[in-house]
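Undergrad: Let me begin by handing over the structure; questions about it come next.
The values are calculated or read from the model by the stated rules, or taken from the named source; none is laboratory data. Source: prediction; values computed, not measured. Here the Cβ positions follow ideal geometry from the backbone for every residue, glycine too, while neighbour counts run over all protein chains shown.
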Amino acid sequence: MTDVAVLAWRQYRLERRLFWRNPSAAFFNFLLPLLFLAFFGAAFHSDHKELRIIVPGIAAMAVMSTTFTALAYNMTFLREQGVLKRIRGTPMPGISYLLGVAGNAITNTTLQIVIITTAGRVFFGTGWPREWAELAVFVIVGVVCFASLGVAFSHVIPNFDSAPAYINAVFFPVVAVSGVFFDSAHSPGFMKGIAQALPLYHLIAGLSAAMVKGTSLSSNLDALGVIAAWSVLGIVFAVRGFSWDQRRA
Amino acid sequence: MSVSEPAIDVRGLRKAYGDFEAVRGIDFQVRRGEVFGLLGPNGAGKTTTVEILEGYRERTSGEVSVLGFDPGRRPREFRARVGIVLQSTGLYRHIRVREALLHFGSMYPHPRDVDEVIALVGLEGKEDTMARTLSGGQRRRLDLALALVGDPELVFLDEPTTGFDPAARRTAWDTIRSLRDLGKTVLLTTHYLDEAQAIADRVAIIQDGRIVIEGAPSELGSGAGAPRYRVAYRNGTGTEVERETDDPTTLLHELTGAALARGERLDGLSVTRPTLEDVYLELTGGETDETPAPAPAPTPAPTDAPTEEVLPLAGGQRRRRR
């Protein structure tokens, strides 16, 4: 068991090193949410109410992009390149590998949440999060949910060339419908219905409660429940569909 | 397991993909410490067989034992004791040679010294190079290094030299021979006949999912039914003549005696034994692989008449490859 943990840690360390060794990718990874923040911050700089919607919305989007998008890309790439197959031929337990990879994604999520929270506090006066524990709970559940959905979704993507199309086709509609850039209370009924069935809407609600509204976790259990349900779905499909090898064309 | 037990024992192995049977009941044993070559054209079932032995694919039926393990169950101890070079595998984009070897080595209970492995495959001076900037041949050597860093007892090499230039192939052969000197068992697949002949202790030729012949490369060439020697020369009018015989001494005596009597030379006289290639071509219906061979033997036109060397008895290549 310790061996499994040690190998997971080594894999995590390697993933971190490799992540920073591609500085431009790392830079844009962290810059993107800040660009969004700067853009909307400038647009709504006098409108405190809008900013209170935008900051948790962008935080939730950051959770999705660092886990769902990143893992769907990486798994597709590593499978196509044969890296997963190579690793499967070694004595490293599969769980150590997945823990190392997930740990890498979670670190990126955490860094982004810190950057967004700090930027919100320093530049836009949104204040520090009201409920730190609630924030942690929603970030953790959100990461587990979107990380597993990202790995599961990589099974659907046939090859790396088509990965951007597949991922964007999910990412942008979900971001748009779930109310990252506007208060979804104002959206038409059918859109709200779709959004409420998806996990991102509920992650935004949870982060919003923790970061700006200060409503307690117990009043957001329904949101937590929906994200947890998607996590179960994601984990089942991520594990069951996991393929180490590129399927034959 | 005892030392006398074979490293690999395959009995009645079958693998079907839907209606298509890629492997149709094959048997072979690989002894400990030998280099065993699986030879055959593309699509013959080599890679399917090897990937079943490596634990990547499940067999449809048959008995398979690798180092005493059932590879289909992929126990961790089994994976710790084999090294695998797949036909084509990538690596992380931003990993360095030494870093990759240290990382993969750390997955094994008793890894080899990284510098030793680097020297063994000839990657000295490339320790800090990014894997993706290595040349094709160097990357293949890194593949081999990654398979060896866990100090495995058994090494699988799936077409280890495909795409190499002739010099790089010779170097790779030396490395594979040195594995045998280290006491490793090697299972190699190749579609290069000269490669099997050069480095394998024993060879099985696989065709349409079946093993059609098995034995030492030198024995296969003189198997039952095949004429033992082939004598070729150009006669007085410059026409190429080929004769087959089981008694080259008598035939040569007759030929040279008659030529001397007529005052002729037997230009291009050669005596060769059937090579693995002859056997291969005969068994696989004359189809060699479409991959160009690295060193095709030139066949001189009948009209030009430089004196050819008389080849030593064994192993001369005489058929032009397509």
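Undergrad: Tell me which residues, restricted to segment B:107-119, are within 9 Å of chain A (Cβ to nearest Cβ), buried (at least 17 other Cβ atoms within 10 Å of the Cβ) and touching a helix residue (DSSP H, G or I) at 6+ places or on another chain (Cβ under 6 Å).
TA: Hit for segment B:107-119 is B:Y108, nothing else.
Undergrad: I'd like to know if segment A:140-159 contains one or more residues that are more than 21 Å from A:Y201 (Cα to Cα), surrounded by fewer than 18 Cβ atoms within 10 Å (Cβ to Cβ), within 14 Å of chain B (Cβ to nearest Cβ) and touching a residue at least 12 places away in the same chain (Cβ under 8 Å). Break it down into steps so the answer makes sense when it comes.
TA: Restricting attention to segment A:140-159, the residues satisfying the condition of being more than 21 Å from A:Y201 (Cα to Cα) are A:154-159.
Filter again for surrounded by fewer than 18 Cβ atoms within 10 Å (Cβ to Cβ), leaving A:156, A:158-159.
The next check asks that each one be within 14 Å of chain B (Cβ to nearest Cβ); those that pass are A:159.
With touching a residue at least 12 places away in the same chain (Cβ under 8 Å) added as a condition, the list becomes A:159.
The answer is yes; a qualifying residue exists.
Undergrad: Considering only residues of segment B:227-245 that are surrounded by 13 or more Cβ atoms within 10 Å (Cβ to Cβ) and of a type in the set (S, T, Y), which is modelled with the highest pLDDT?
TA: B:Y233
Undergrad: In the set B:S106, B:S61, which member is among the polar types (S, T, N, Q), under 20 Å from A:G89 (Cα atoms) and assigned by TED's automatic domain parsing to the domain that holds B:V203?
TA: Working: B:S61 fails: under 20 Å from A:G89 (Cα atoms).
Exactly one of B:S106, B:S61 is among the polar types (S, T, N, Q), under 20 Å from A:G89 (Cα atoms) and assigned by TED's automatic domain parsing to the domain that holds B:V203, namely B:S106.
Undergrad: Something else: Could you go through segment A:108-123 and let me know if any residue there is on the phi < 0 side of the Ramachandran plot and within 13 Å of chain B (Cβ to nearest Cβ).
TA: Residues of segment A:108-123 that are on the phi < 0 side of the Ramachandran plot, as a first pass: A:108-123.
Now drop any that are not within 13 Å of chain B (Cβ to nearest Cβ), which leaves none.
No.
Undergrad: Still on this model: Of the numbered conditions (1) within 24 Å of A:T2 (Cβ to Cβ); (2) touching a residue at least 60 places away in the same chain (Cβ under 8 Å); (3) more than 10 Å from chain A (Cβ to nearest Cβ), B:L148 fails exactly one; give the number of that condition.
TA: The one condition B:L148 does not meet is (1).
Undergrad: If you don't mind, there's one more thing I want to ask. Looking only at segment B:56-98, how many residues end up being touching a Gly at 6+ places or on another chain (Cβ under 8 Å) and at positive phi?
TA: Residues in segment B:56-98 being touching a Gly at 6+ places or on another chain (Cβ under 8 Å) and at positive phi: 2 in total.
Undergrad: Being more than 9 Å from chain A (Cβ to nearest Cβ), buried (at least 19 other Cβ atoms within 10 Å of the Cβ) and in a strand (DSSP E or B) is the filter here; which residues of segment B:65-95 pass it?
TA: B:V66, B:V85, listed by residue number.
Undergrad: I'm trying to understand the selection: among the residues of segment A:53-96, which are without any contact (Cβ under 8 Å) to a residue 12 or more places away in the chain and outside any helix (DSSP H, G or I)?
TA: Within segment A:53-96, A:G89, A:T90, A:P91 qualify.
Undergrad: Let me ask another. Kindly provide the set of residues from segment A:45-95 that are under 25 Å from the mean Cα position of the chain (by Cα), away from chain B (no Cβ under 12 Å) and over 17 Å from A:M211 (Cα atoms), ordered by number.
TA: Those that are under 25 Å from the mean Cα position of the chain (by Cα), away from chain B (no Cβ under 12 Å) and over 17 Å from A:M211 (Cα atoms): A:M64, A:S65, A:T66, A:T67, A:F68, A:T69, A:A70, A:L71, A:A72, A:Y73, A:M75, A:T76.
Undergrad: Tell me which residues, restricted to segment B:168-193, are over 14 Å from B:D143 (Cβ atoms), modelled with pLDDT under 85 and part of a helix (DSSP H, G or I).
TA: Across segment B:168-193, the qualifying residue is only B:L193.
Undergrad: Also: Does A:G120 satisfy being in contact (Cβ under 8 Å) with a residue 12 or more places away in the chain and small (G, A, S)?
TA: Criteria met by A:G120.
Undergrad: Given (1) within 22 Å of the chain's Cα centre (by Cα); (2) modelled with pLDDT under 90; (3) assigned to a helix (DSSP H, G or I), identify the lone condition not met by A:F190.
TA: (1)
Undergrad: Okay, next question. Name the residues in segment B:144-158 that are in a loop (DSSP other than H, G, I, E, B) and within 18 Å of B:L91 (Cβ to Cβ), would you?
TA: The answer is B:V149, B:G150.
Undergrad: I would also like to ask the following. Tally the residues that are touching a Lys or Arg at 6+ places or on another chain (Cβ under 9 Å) and without any contact (Cβ under 8 Å) to a residue 12 or more places away in the chain, restricting the search to segment B:77-108.
TA: Count: 4.
Undergrad: Here's something else I'd like to know. Looking at segment A:7-26, is at least one residue within 14 Å of another protein chain (Cβ to nearest Cβ), touching a Leu at 6+ places or on another chain (Cβ under 7 Å) and over 20 Å from A:S208 (Cα atoms)?
TA: yes
Undergrad: Continuing with the same structure: For segment B:48-61, what are the residues that are surrounded by 20 or more Cβ atoms within 10 Å (Cβ to Cβ) and either at pLDDT below 90 or more than 14 Å from chain A (Cβ to nearest Cβ) (or both)?
TA: B:T49, B:R59
Undergrad: Looking at segment B:253-274, I want the residues that are in the same structural domain as B:G238 (by TED's automatic domain parsing) and have a partner that is of a type in the set (A, V, I, L, M, F, W, C) and part of a helix (DSSP H, G or I) with Cβ atoms under 6 Å, at least 6 apart or on another chain. Which pairs are those?
TA: B:L266/B:A259
Undergrad: Identify the single condition in (1) within 13 Å of the chain's Cα centre (by Cα); (2) in a helix (DSSP H, G or I); (3) free of Cβ contacts under 8 Å to residues at least 40 places away in the same chain that B:R141 does not satisfy, given that it satisfies every other one.
TA: Going through (1) within 13 Å of the chain's Cα centre (by Cα); (2) in a helix (DSSP H, G or I); (3) free of Cβ contacts under 8 Å to residues at least 40 places away in the same chain one by one, B:R141 breaks only (1).
Undergrad: Across segment B:213-226, which residue is modelled with the lowest pLDDT among those that are buried (at least 17 other Cβ atoms within 10 Å of the Cβ) and closer than 17 Å to B:L38 by Cβ?
TA: The qualifying residue modelled with the lowest pLDDT is B:L220.
Undergrad: Kindly list the number of the only condition in (1) farther than 17 Å from B:E159 by Cα; (2) in contact with a Lys or Arg (Cβ under 6 Å, 6 or more places away or on another chain) that fails for B:T185.
TA: The failed condition is (1).
Undergrad: Okay, next question. Residues of segment A:2-42 being exposed (fewer than 13 other Cβ atoms within 10 Å of the Cβ) and closer than 19 Å to B:G105 by Cα, which ones?
TA: Within segment A:2-42, A:T2, A:A5, A:V6 qualify.
Undergrad: Within segment A:161-179, does at least one residue satisfy the condition of being part of a helix (DSSP H, G or I), among the charged types (D, E, K, R) and surrounded by 13 or more Cβ atoms within 10 Å (Cβ to Cβ)?
TA: no
Undergrad: Only one residue in B:R14, B:R59 is over 20 Å from B:T190 (Cα atoms) and not in a strand (DSSP E or B), so which one is that?
TA: B:R59
Undergrad: Quick check on segment B:29-46: of everything there that is among the aliphatic types (A, V, I, L, M) and more than 13 Å from the chain's Cα centre (by Cα), which residue is surrounded by the most Cβ atoms within 10 Å (Cβ to Cβ)?
TA: B:A44
Undergrad: Do you know which residues across segment A:180-189 are out of contact with any helix residue (DSSP H, G or I) (no Cβ under 6 Å at 6 or more places or on another chain) and within 29 Å of A:V151 (Cα to Cα)?
TA: A:F181, A:F182 - these are the residues of segment A:180-189 that are out of contact with any helix residue (DSSP H, G or I) (no Cβ under 6 Å at 6 or more places or on another chain) and within 29 Å of A:V151 (Cα to Cα).
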